[in-house]
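What follows is one structure encoded as structure tokens, with my remarks underneath.
The values are calculated or read from the model by the stated rules, or taken from the named source; none is laboratory data. Here the structure is a predicted model, which is why all the values come from computation and not from measurement. Don't worry about glycine lacking a Cβ; one is built from the backbone with ideal geometry, like all the others, and counts go over all protein chains shown.
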Protein chains: 2
Amino acid sequence: MQPFLEYINQHQDQFIDELKPFCAQPSVSATGEGLLDMAEMVRQKMLDLGAEVQMLTPGPDAPPIVYTTLGSGSKTLLIYNHYDVQPVDPIELWDSPPFEPTIRDGKIYGRGVADNKGHLIGRIQAIRAWQETMGELPCRIIWFIEGEEEMGSTNLESFCLKHPELMQADGCIWEMGSVNQAGEAMLHLGAKGMVYVELSVRSLAGDQHSSRATLAPNAAWRLIWALNTLKAPDETILIDGFYDHVVPPSETDLALLKTIPFDVQAYVDQIGADKLVGGVSSGLEAITRHIFQPTCTVCGIESGYTGPGLKTVLPATARAKVGFRLVPDLEPELVTDLLRQHLDKHGFSDIHMEILGGEHPGKSDPDSDLVKNAIKAVQQVYGVETPAVYPMMPASGPVWAVATSHGTPLVGFGAGYPGIQIHAPNENLRLSDYFQAIRMIGQFVANFGN
Amino acid sequence: MQPFLEYINQHQDQFIDELKPFCAQPSVSATGEGLLDMAEMVRQKMLDLGAEVQMLTPGPDAPPIVYTTLGSGSKTLLIYNHYDVQPVDPIELWDSPPFEPTIRDGKIYGRGVADNKGHLIGRIQAIRAWQETMGELPCRIIWFIEGEEEMGSTNLESFCLKHPELMQADGCIWEMGSVNQAGEAMLHLGAKGMVYVELSVRSLAGDQHSSRATLAPNAAWRLIWALNTLKAPDETILIDGFYDHVVPPSETDLALLKTIPFDVQAYVDQIGADKLVGGVSSGLEAITRHIFQPTCTVCGIESGYTGPGLKTVLPATARAKVGFRLVPDLEPELVTDLLRQHLDKHGFSDIHMEILGGEHPGKSDPDSDLVKNAIKAVQQVYGVETPAVYPMMPASGPVWAVATSHGTPLVGFGAGYPGIQIHAPNENLRLSDYFQAIRMIGQFVANFGN
């Protein structure tokens, strides 16, 4: 691997220069901005590697999947990435414009630099470095790059179930991963699922003077009361039957959890909170909760007058966006069924529910060859004897649709770090992590194809 | 009064023409837009009546009070009006631009036409009609016209307490009033108080990816849980000690309540609700509740992402605007003290409270000469033997600061009607009510000065 590693050391400026235009190109799946241009940029980059590329359409009006194959060999590696990004709001909190990638203090800032363009481009750089220094790839690669991950991969599940042949592989590398506080790569073996709904209510034909509050129902109150029945201040999710479907961690899971360092105070300081929810204070308790507990999150709420000064109005409408992170065996359809039943049972049949997206949780076998090859690569690149292994990522992605529903083992690693700020202002990636992630892909491919 | 009444009949077009420019001039106290221009227009109109006018400054940066005196006589009548209006949001729901007064189907539409410019201009027309037809006014008039009523008359209370000599009078006519479904004037003898706060919370240094919801506190949830402790879904206000300060209606109050027609089904239809809050179904129950119960209203709430599509974000901040309508003896300072204590006691000391405005409730003696003269005028103008008398308006105003704290009896009447839409899109006044209100002022002044 020596020539490969030397190439990485010598081409760092180029790796940054090639990342920047990808981060400068908006590709916001929530609004559709720039998605097609972005897909075309990815396609060109793949063609430059000598790959075969098909632009697949996962559903009506969906941005294309850049479906790429390259190399040959007895084993097939599936790589999953996405080229879409989250919206930039609240834009006023960015220290530099989100679509002008900017380097400060050894970090590159911009929307999508970490989630997921830095990982996609870093992996492309690794493949090219391999080709330039090692020649033929040691395995066949299927690269699946979609454009609606940040929208919950709306069309992907039905597409993947219809076309399992496109995903047939011996293992799958997931879109990204992170290093720990010490800068050492960690692995993950899957992801939580999610389901995202908009709850809304109309209580009146139109807004009214607030003096009518003695008699006229208030949409904001209706929504607040309904939401309050979903989760208690101690963070217990109150939806009837919800926890019946939560599978506790296995013995193997518990052993893996002990490999994961978690400094509660550092985490509290980093997020700028007073304390963690539920009064969690030990690292093991925190990481167990983080990985094996589902969530119910108000991602947004809006009703009535929120401008300056006072306006004594009684709002006729209110709406909230509510996202759930799902552990096995909480499936999206099950959760929305439970939620609807819960609302109706608790007197909130006036609350309308619109499902905006959902993904199944997916959890992979820790004993697969794929995972062993990844652990070996971490040992080789990061010099870590026993890397941390997350049984699942706390975040979500179409792991079930792309890999675990087909029985394909899955592992994720990458260049994230605790201050990465994905989905938030000042998203960033440390350049040193970016380069390490490039080395890691090369080493992993060597192990996998061997 | 015949010449006066004939003058009203002959000058209806002029009364409309003179109202329009006042409604076309924005004067939004929440933003400050147009207040000074509006005050000057009012001053000119008063000078045209031969009045003496002083522009008084109730507080720093406050819009002026147009303090007007005219006429002479042994008795002094205080008239209270205001020239400011509510903001126009949601502007997209207006059928014609809010500051382009428009006549459709015998109604004039525009922000402020009812609250309170139609009443102010109508009264000016009545005084001029008197002067033109009857000569000298039969009493002295003090006309107190402020510019921050829609902001809770922020500076008025301390100003009035400092300058009681400016308000010395034998009785006070309040800014407005309404007719019933049959178009017959009703009276009111005071107003609820109010207090308006912004509750806000920050749980994190910045927004986070929603996968962190297992550990990172969510500002939206904190605010929802805190608000939920304030009022139950059955509309009972839960603030500890709150109802201890609610004075039940007296025997006289209960007798007056029976004069007030209230058609529950018509009200439900008019506001476009399924039913009234608390399952109220009888008219007497509804009106008793409407006048003698306090309210706690979420006027607005905002947190996180509320744009299109899904964004899986965990919000760091949340805020709500909460307004209370107060009956005796709930005073603003008492309620904010109780609210703060309640939040702290229930584990919500992280919720920040900013007081944006407050007004004491004020309730006047039903047996005063002032009220008798008003009842007589209703009999004369509207031909109603026993007019409905509201012991208090369900809405608020500085009745305590201007009148009741000085022992001045107070009565309100005017041109409102059930479809008036004040503080909401498509605020309007029926022209027939506008002309009746002009007649009513003339007749009342005749009775009062006699």
Original post:
Can you name the residue in segment A:164-201 that is among the polar types (S, T, N, Q) and more than 25 Å from A:Val322 (Cβ to Cβ) and is also surrounded by the most Cβ atoms within 10 Å (Cβ to Cβ) among such residues?
Top reply: A:Ser178
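Against the condition of a type in the set (Gly, Ala, Ser), at the interface with another protein chain (Cβ under 8 Å from one of its Cβ atoms) and in contact (Cβ under 8 Å) with a residue 12 or more places away in the chain, how does A:Ser368 come out, does it pass?
no
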**OP:** Consider A:Val445 carefully, then state whether it is in a loop (DSSP other than H, G, I, E, B) and either assigned by TED's automatic domain parsing to the domain that holds A:Asp369 or among the hydroxyl-bearing types (Ser, Thr, Tyr) (or both).
**Re:** no
Subject >> segment B:70-92 residues that are within 14 Å of chain A (Cβ to nearest Cβ), paired with ones that are surrounded by fewer than 17 Cβ atoms within 10 Å (Cβ to Cβ) (beta carbon under 7 Å, 6 or more apart) >> reply: B:Pro87/A:Gly307; B:Pro87/B:Thr31; B:Asp89/A:Gly307
Original post:
Counting only residues that are modelled with pLDDT of 95 or more and surrounded by fewer than 24 Cβ atoms within 10 Å (Cβ to Cβ), which one in segment B:202-211 is nearest to the other protein chains (Cβ to nearest Cβ)?
Top reply: B:Ala205
**OP:** Mind counting the residues in segment B:293-320 that are surrounded by fewer than 24 Cβ atoms within 10 Å (Cβ to Cβ) and in contact with an Asp or Glu (Cβ under 7 Å, 6 or more places away or on another chain)?
**Re:** 4
Original post:
Is there a residue being touching a helix residue (DSSP H, G or I) at 6+ places or on another chain (Cβ under 8 Å) and of a type in the set (Ser, Thr, Tyr) anywhere in segment A:163-178?
Top reply: no
**OP:** Among the residues of segment A:393-434, write down those that are within 26 Å of A:Ala169 (Cβ to Cβ) and among the polar types (S, T, N, Q).
**Re:** A:Ser396, A:Thr404, A:Ser405, A:Thr408
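So which of B:Val384, B:Val411 is outside any loop (DSSP other than H, G, I, E, B) and either at pLDDT below 95 or more than 19 Å from B:Val247 (Cβ to Cβ) (or both)?
Numbers: B:Val384 fails: outside any loop (DSSP other than H, G, I, E, B).
It is B:Val411.
Output the number of residues of segment A:345-381 satisfying the condition of being in contact with a strand residue (DSSP E or B) (Cβ under 6 Å, 6 or more places away or on another chain) and assigned to a helix (DSSP H, G or I).
4
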Original post:
So how many residues does segment A:335-376 have that are at pLDDT 95 or above and more than 26 Å from A:Glu251 (Cβ to Cβ)?
Top reply: 21
**OP:** Take segment A:63-87 and flag every residue that is of a type in the set (Ser, Thr, Tyr) and over 18 Å from the mean Cα position of the chain (by Cα).
**Re:** A:Tyr67, A:Thr68, A:Thr69, A:Ser72, A:Ser74, A:Thr76
**OP:** May I ask you to verify whether A:Glu136 is buried (at least 21 other Cβ atoms within 10 Å of the Cβ) and among the acidic types (Asp, Glu)?
**Re:** no
Subject >> segment A:321-338, subset farther than 12 Å from A:Leu356 by Cβ and hydrophobic (A, V, I, L, M, F, W, C), residue surrounded by the fewest Cβ atoms within 10 Å (Cβ to Cβ) >> reply: A:Leu334
Original post:
A:Ala226 passes all but one of (1) more than 13 Å from chain B (Cβ to nearest Cβ); (2) surrounded by 14 or more Cβ atoms within 10 Å (Cβ to Cβ); (3) not aromatic (Phe, Trp, Tyr); which number fails?
Top reply: (1)
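Name every residue in segment A:268-313 that is small (Gly, Ala, Ser), more than 7 Å from chain B (Cβ to nearest Cβ) and over 20 Å from A:Pro418 (Cβ atoms), in order of residue number.
Scanning segment A:268-313 gives A:Gly278, A:Gly279.
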Original post:
Are there any pairs with C-beta distances below 8 angstrom linking a residue in segment B:268-294 that is closer than 18 Å to B:Val246 by Cα to a residue that is assigned to a helix (DSSP H, G or I) and among the aromatic types (Phe, Trp, Tyr), with the two at least 6 apart or on different chains, and if so which?
Top reply: B:Ala286/B:Tyr267; B:Pro294/B:Phe242
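Conditions (1) small (Gly, Ala, Ser); (2) within 14 Å of chain A (Cβ to nearest Cβ); (3) buried (at least 18 other Cβ atoms within 10 Å of the Cβ), marked per residue:
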residue	(1), (2), (3)
B:Leu230	no, yes, yes
B:Thr236	no, yes, no
B:Val247	no, no, no
B:Leu254	no, no, no
B:Lys258	no, no, no
B:Asp263	no, yes, no
Subject >> Hits in segment A:314-346 (condition: at the interface with chain B (Cβ under 7 Å from one of its Cβ atoms) and either among the small types (Gly, Ala, Ser) or farther than 23 Å from B:Trp225 by Cβ (or both)) >> reply: A:Gly323
Original post:
Restricting segment B:142-163 to residues that are modelled with pLDDT of 95 or more and of a type in the set (A, V, I, L, M), which is surrounded by the most Cβ atoms within 10 Å (Cβ to Cβ)?
Top reply: B:Ile145
Original post:
With respect to the numbered conditions (1) outside the structural domain of B:Gly241 (by TED's automatic domain parsing); (2) out of contact with any helix residue (DSSP H, G or I) (no Cβ under 8 Å at 6 or more places or on another chain), which one is the sole condition not fulfilled by B:Gly278?
Top reply: (2)
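The rows are residues; the columns are (1) among the basic types (Lys, Arg); (2) under 24 Å from B:His290 (Cβ atoms).
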{"site": "B:Pro328", "(1), (2)": "no, yes"}
{"site": "B:Glu333", "(1), (2)": "no, no"}
{"site": "B:Gln341", "(1), (2)": "no, no"}
{"site": "B:Gly357", "(1), (2)": "no, yes"}
{"site": "B:Lys363", "(1), (2)": "yes, yes"}
{"site": "B:Ser368", "(1), (2)": "no, yes"}
{"site": "B:Met392", "(1), (2)": "no, yes"}
{"site": "B:Val402", "(1), (2)": "no, yes"}
Original post:
Only one of B:Ile142, B:Ile127, B:Ile121 is away from chain A (no Cβ under 14 Å), assigned to a helix (DSSP H, G or I) and farther than 16 Å from B:Asn428 by Cα; which?
Top reply: B:Ile127
**OP:** Keeping to segment B:46-61, report how many residues are out of contact with any strand residue (DSSP E or B) (no Cβ under 9 Å at 6 or more places or on another chain) and within 21 Å of B:Asn155 (Cβ to Cβ).
**Re:** 3
